[in-house]
Amino acid sequence: MLHSMTGFGSGSATAGSESLTVELRSVNHKFCEVKVRLPRELSALEATLQKVVKDKVARGAVDVAVRRASRTSLGVVPQVDLALAKEYRRAWSDLAKALELPDTVSLRDIATQMNVIRLEEPQISLEDANKAVEAALGHALDALGKMRAKEGLALHADLFSRLALVAGWVAEVKELAPRAIDAYRTRLAERIAELSKGLTVDPQRLAQEVAFFAERTDVAEEMTRLDSHLVQFHELLNSKEPSGRKMDFLVQEMHREVNTTGSKSQHAEISSRVMQLKAELERIREQVQNVE
């Protein structure tokens, strides 16, 4: 089953005090390249995320974006310095005793002192974050895989129809090849008769010229290889393994055989089929660039 290299997937999960969202975007690439964007406090998870994605994705440039849900609208929470608060309480108590005044210090008095309560980024639990990101990434990969598979179905249908066109033109070239030799024989005999002004033409010499022409323009080998490549391509269309790079190689080989056929042929109808084959193979090559 074909998979496209283009897709999107997202997933969210919560573990303990950590809530994370993962978004995946993938586009075409010759190999598998994974770029991860993480909050600074989660940077230790980058290598793990890259490995998980590469285990699931064979080809494509994948962008991984991880967002950590904030507990507050400002992204910070109040933190209490208990040791400092106790020092303030002790200092005021000592001051009250020294001045023989009543100790009337309230909680508000201590709390409003500098640095007793300050705003800081919340402490992160790497254990909870790792569990949350693992689950969120799993959901995102599932969604990405479904989208790439859906795109793959469209690619399969398109490539299948284009291969049918190529196979049809290859069959026509094989049918036209013997006719080209017969047409050359007729043209050569007529030309010799015209130039010899009624003199008898040596049939053996004529046969030799036709044989030389047939050898120079023989495309049977190229057509046989094209048929073989088409069979292999169809097998890759139905393969369960990623086949994009193998398909790309086969398209290059088919281009090579078609180019050789075009250079050998001196028949207008075969040349026309060669042009059609080149155009269709180029469309197939463009589509194959999307296959995983």
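Where a number appears in this text, it was derived from the coordinates with a stated rule and is not lab data. What you see is a predicted model; the values in this text were computed from it and never measured. Here the Cβ is made from the backbone with ideal geometry for all residues, glycine too, and neighbour counts use every protein chain on show.
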Query raised in the report: What residues have an amide H closer than 5 Å to that of SER239, excluding those fewer than 5 places away on the same chain, when H is modeled at 1.01 Å from N in the peptide plane?
Result: none
Query raised in the report: Between region 127-142 and region 249-271, what's the alpha-carbon centroid distance in Å?
Result: 51
Query raised in the report: In nm, to one decimal, how far is the GLU172 label point from the PHE160 one, both placed 7 Å along Cα→Cβ?
Result: 2.3
Query raised in the report: For LYS146 and SER106 in one chain, what is 0.36 nm times their gap in residues minus the Cα-Cα distance, to one decimal in nm?
Result: 8.3 nm
Query - Extended-chain gain in nm, criterion 0.36 nm per residue less alpha-carbon gap, HIS234 and GLN113 - result: 35.9 nm
Report task. Please state, to two decimals, what the Cα-based radius of gyration of region 77-120 comes to when divided by 2.2 N^0.38 Å (N = residues). Result -> 1.26
Requested in this report: Mind checking which lysines have their Cα closer than 19 Å to the Cα of LYS86? Skip sequence neighbours fewer than 8 apart in that chain.
Outcome: LYS97
Requested in this report: Place the peptides 105-114, 11-20 in order of packing, highest mean first, counting for every residue the other Cβ atoms within 10 Å and averaging per peptide.
Outcome: 11-20, 105-114
Query raised in the report: For region 239-289, with equal point scatterers placed on the C-alpha atoms only and solvent neglected, what are the log10 I(q)/I(0) values from the Debye formula at q = 0.25, 0.28, 0.31 1/Å, to two decimals?
Result: -0.89, -1.01, -1.12
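Suppose the chain between SER43 and PHE249 were pulled fully straight at 0.36 nm per residue; how much longer would it get relative to their current alpha carbon spacing?
Stretched out fully, the SER43 to PHE249 stretch lengthens by 70.3 nm.
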